[in-house]
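The structure appears below as structure tokens.
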């Protein structure tokens, strides 16, 4: 836990935080950040727009066409697609990807797309309109939209957008009746994400999306249909004509048609050959009467049917670069667009395609990794962003399915924008290799068995064929792989497959179907391995390397990209090492550099042009880099010292002075992260406070709010901090006589915090308790106030700490949300604030947050479920719609031997664990389990009880027949041991129901344990565990002192949120309420009442 500071610390920190609050309020009330007030511009086009991937092409008439894509790129043609001009739109759109375009006339049209907000991590949409053929553009949406994938207008006023979901639009669809000035969410019965939509009018149409999902919009309401394909395949594009004939295209060469407006779907009369589907993913479809054209990856062919799917012909394009969209203005004239800025045109119905832009481009490097967390951000920034080498990035497994899918939300968009931010060109997450079960990635036999089952016993052919096809499509000189960490079977397996694919890609005899699809053989020249952190390689990238073309240093450029990829930053800048592990020529030159021996000139097929560099900027960057290197060295020394952290913080202001705001903010953010990793919470708090005060407009400063608010408000962490302080020099006791006075004071104080003056007055009072004439005011823990009395001035200051934390959290959060509205869509932040309002008796504010979720989210959303439960608890006598159990006070504590025959368990309610991800087993009345035989041994059964000192739990778990079980270990068990390879259970306890911070206690079948409190892996409570096993099952009994969790005197009568999970590695996940797997899904926790009435024997 954090070390205690000297007596002057509260004054220093309060003063700093006071400045933060006042500054934040002023900033919030002044104006919105620049990104929300974009204005038209004629900026110089950046070279990166030249090879930006294009996502959609549309024509209005036969001459005027528009193609839109990544990095805010818009191209216009006025001659039927023969030539294209780059069109500037508005300022600050380089971080946006335009996904869709719609023009009603040659003058009036809209383009739409989105980005990932660097502060909240949420998607953000953008709609632009022109009324003069693209000479000027305006932002038309008056409120924040989701990421938009499709925009369609039916006249000058009525239109619809389709895309990602949010609280305001859980169905991911908005409609407008005033040309886009205002948008209304479309009604729906479930949550969804959509890739595309096709419409008859504003109230009727079809939408398609990930996981094979398709739905019908009928009379303004979205009616969800059944998945039209494998649950893994994404439906990427849909086209429908006025007669109701519809076509859709998706992953795995999927093509489906409908003749009844999408009510039912079927495979065309003549399907594509099966051997082509193994390496083909479709992205776009066009139709004119009975003529159909479909494009995708590889882009070497356009699949054409002249007779509504009765027959198919591959039309050669003579360019392998993937295509994303196709549009025909008549039966002969069409245009297709794709990655690397490719535009191709035909004038004979597709029999002949010729390049218009981006002819024969390819990538210099293809990065292939097992997980999105391994995305080589530093490599991409250094070699693609800075040096202009064109790159592609592929993640070979997906984690957006299974019990932990909730932790992988928007992973495809996060990856896309992180790669684009790093200067990369294109990215993808392969759809066909899911990691659905925790532990699967560490077990090669289970991995092969699972994937072989998914692919009908054809795993080697499909995986290798797909990898070979990708090599022949992207045609890279270099392939970048990861070093496989210990027990990472997935990376090791895929590495072996890739090395085999490299050899086969150069062999003309392998995969003849590729040749029929226009894919030539290709020889990769070298393979580079990115070493694991801490490992040394032949080549090392310095984190502080100056990147002149980008005008920054490697660590800052990488941090900006990682903020889009990671929901929470987990690592500081560090050198990255590489080794050349294979070379086709095997010459010394090929291993002496990464790119030098490849001889790829600037402005050629695999390398873009570079902007001019100003020498004075380079000199300044070098000086700043050297200074930052010195700061990092000093910081590391201070962090490693037990006494220098506070001294370092006092010098930060002067140390940051020579740096730019972006550099200084990043330096402070990295320092705070290091303090967090070392458990120095108070020092991290102070650094974040200075970051907010001095650099509040920087994204990393606003990101710190997402840590500070739960840090200030968490009852779990707050109790641990107060215990740490109390153990030093404070005597804790409760005094019921001051409960009411202090509770009233908190309510009054909360209402007064409306101006900077009142904030300053109250915080001054808090930091100087000796000036008060009444009893000390006290913090609140959970749902009840707690009095903590001390004998010293220091003790009286500590008594007020939690009051200060709560009030600062409330005030800073309101200002932050006002300046960054996307924070309204951060679910765990919203529920943290609701819990804070409950603690400070602002139940109406808490209720408003819950009602917002109940009104706007649909019943299948976990946060809707959490809001239902909380809303019922705020209303006396209401029946909880969430799973709920009573944890009774027992007079007969168990003997911890793993036997589960004690009286307290016979009287406790049964809590069955189910394999369904949506499990919601309601625990009813006492009579539901009393006097009945125990439930089936096919699923685990948990029990809970407590007395005045301990919280008890016990679980009996049937053994899984496909895994071995180790001996029970009763002595010499390590703390925080490695449990991943063993059958284990996890109990999560959220004492204040903020669904953000909670305790987690894990026990495996050996009796080994692991604990954490929020992100504190060093949480080391005193608790007691016993396990036992027989041939059919194993069981665990545990006792946790209540004082390790919350103030024991105030525990009775409280309601906790609780999760119970059993994980059989690589085999199975069972939970009480469907609350995730290895990564708990807190809003799906069940509710537990701690009953004060004792059980009688």
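Give region 967-1011 a look and list any residue that's in a loop (DSSP other than H, G, I, E, B), touching a residue at least 60 places away in the same chain (Cβ under 8 Å) and more than 18 Å from residue 716 (Cβ to Cβ), or say none. Selection gives 968, 980, 981, 982, 983.
Just need a number here: residues in region 660-672 that are without any contact (Cβ under 8 Å) to a residue 40 or more places away in the chain and buried (at least 20 other Cβ atoms within 10 Å of the Cβ). Write out each step before concluding.
Taking region 660-672 as the starting set, the residues that turn out to be without any contact (Cβ under 8 Å) to a residue 40 or more places away in the chain are 660-661, 664-665, 667-668, 671-672.
Next, only the ones that are buried (at least 20 other Cβ atoms within 10 Å of the Cβ) stay: 664-665, 667-668, 671-672.
Counting residues in region 660-672 that are without any contact (Cβ under 8 Å) to a residue 40 or more places away in the chain and buried (at least 20 other Cβ atoms within 10 Å of the Cβ) gives 6.
When 890, 840, 832 are checked against the criterion of being at pLDDT 85 or above, closer than 24 Å to residue 991 by Cα, in contact with a strand residue (DSSP E or B) (Cβ under 8 Å, 6 or more places away or on another chain) and outside the structural domain of residue 946 (by TED's automatic domain parsing), a single residue qualifies: 840.
Would you check if there is a residue in region 259-275 being without any contact (Cβ under 8 Å) to a residue 12 or more places away in the chain and in contact with a helix residue (DSSP H, G or I) (Cβ under 9 Å, 6 or more places away or on another chain)? Among the residues of region 259-275, at least one is without any contact (Cβ under 8 Å) to a residue 12 or more places away in the chain and in contact with a helix residue (DSSP H, G or I) (Cβ under 9 Å, 6 or more places away or on another chain), which makes the answer yes.
Scanning region 72-113 for residues that are in contact with a strand residue (DSSP E or B) (Cβ under 8 Å, 6 or more places away or on another chain) and either assigned by TED's automatic domain parsing to the domain that holds residue 702 or more than 27 Å from residue 329 (Cα to Cα) (or both) returns 90, 91, 93, 95, 96. Being in the same structural domain as residue 204 (by TED's automatic domain parsing), out of contact with any strand residue (DSSP E or B) (no Cβ under 6 Å at 6 or more places or on another chain), surrounded by fewer than 19 Cβ atoms within 10 Å (Cβ to Cβ) and on the phi > 0 side of the Ramachandran plot is a condition met by no residue of region 267-287. Taking the numbered list (1) outside any helix (DSSP H, G or I); (2) at pLDDT 95 or above; (3) farther than 30 Å from residue 385 by Cβ in turn, residue 503 passes all entries but (1). A single member of 573, 533 is in contact with a helix residue (DSSP H, G or I) (Cβ under 6 Å, 6 or more places away or on another chain), in contact (Cβ under 8 Å) with a residue 24 or more places away in the chain and not in a helix (DSSP H, G or I), and it is 573.
Of all residues in region 409-422 being touching a residue at least 12 places away in the same chain (Cβ under 8 Å) and over 23 Å from residue 498 (Cβ atoms), which is surrounded by the most Cβ atoms within 10 Å (Cβ to Cβ)?
Result: 420.
Of the residues making up region 73-113, not one is touching a helix residue (DSSP H, G or I) at 6+ places or on another chain (Cβ under 8 Å), crowded, with 24+ Cβ neighbours inside 10 Å and on the phi > 0 side of the Ramachandran plot.
Can you find a residue that is crowded, with 22+ Cβ neighbours inside 10 Å, more than 30 Å from residue 611 (Cβ to Cβ) and more than 26 Å from the chain's Cα centre (by Cα) anywhere in region 532-551? No, because not a single residue in region 532-551 is crowded, with 22+ Cβ neighbours inside 10 Å, more than 30 Å from residue 611 (Cβ to Cβ) and more than 26 Å from the chain's Cα centre (by Cα).
Here residue 359 qualifies as modelled with pLDDT under 95, touching a strand residue (DSSP E or B) at 6+ places or on another chain (Cβ under 9 Å) and either surrounded by fewer than 20 Cβ atoms within 10 Å (Cβ to Cβ) or more than 30 Å from residue 525 (Cα to Cα) (or both). Within region 585-598, not a single residue is at pLDDT below 90 and more than 25 Å from residue 536 (Cα to Cα). Meeting the requirement of 2 or more residues that are farther than 23 Å from residue 809 by Cβ, the helices (runs of 4 or more DSSP H) wholly within region 628-696 are 645-656, 661-677.
Taken as a whole, the condition of being in contact (Cβ under 8 Å) with a residue 12 or more places away in the chain and either farther than 25 Å from residue 599 by Cβ or not assigned by TED's automatic domain parsing to the domain that holds residue 407 (or both) applies to residue 555.
One residue stands out in region 370-396 among those that are buried (at least 23 other Cβ atoms within 10 Å of the Cβ) and out of contact with any helix residue (DSSP H, G or I) (no Cβ under 8 Å at 6 or more places or on another chain): the one that is nearest to residue 94 (Cα to Cα), namely 384. Applying the condition of being free of Cβ contacts under 8 Å to residues at least 12 places away in the same chain and not in a loop (DSSP other than H, G, I, E, B) to region 443-459 and asking which residue is farthest from residue 230 (Cα to Cα) yields 445. Taking the numbered list (1) assigned to a helix (DSSP H, G or I); (2) within 36 Å of the chain's Cα centre (by Cα) in turn, residue 515 passes all entries but (2). Within region 470-495, the set of residues being touching a strand residue (DSSP E or B) at 6+ places or on another chain (Cβ under 8 Å) and within 20 Å of residue 298 (Cα to Cα) comprises 470, 471, 473, 474, 476, 477, 478, 479.
Residues considered: 162, 140. Of these, the only one that is farther than 24 Å from residue 238 by Cα, touching a residue at least 12 places away in the same chain (Cβ under 8 Å) and crowded, with 18+ Cβ neighbours inside 10 Å is 140. Scanning region 799-846 for residues that are assigned to a loop (DSSP other than H, G, I, E, B) and more than 27 Å from the chain's Cα centre (by Cα) yields 800, 840, 841, 842.
Among all positions in region 1023-1040, there is at least one residue which is touching a helix residue (DSSP H, G or I) at 6+ places or on another chain (Cβ under 9 Å) and either without any contact (Cβ under 8 Å) to a residue 24 or more places away in the chain or within 22 Å of residue 978 (Cβ to Cβ) (or both).
Taken as a whole, the condition of being crowded, with 18+ Cβ neighbours inside 10 Å, outside the structural domain of residue 561 (by TED's automatic domain parsing) and more than 21 Å from residue 574 (Cβ to Cβ) does not apply to residue 639.
Residues in region 598-623 that are in a helix (DSSP H, G or I) and without any contact (Cβ under 8 Å) to a residue 60 or more places away in the chain were compared, and the one that is surrounded by the most Cβ atoms within 10 Å (Cβ to Cβ) is 620. Among the residues making up region 177-198, those that are out of contact with any strand residue (DSSP E or B) (no Cβ under 9 Å at 6 or more places or on another chain) and surrounded by fewer than 20 Cβ atoms within 10 Å (Cβ to Cβ) are 178, 181.
The values are calculated or read from the model by the stated rules, or taken from the named source; none is laboratory data. Note that the structure is a prediction, hence the values are computed from the model and not measured. Here the Cβ is made from the backbone with ideal geometry for all residues, glycine too, and neighbour counts use every protein chain on show.
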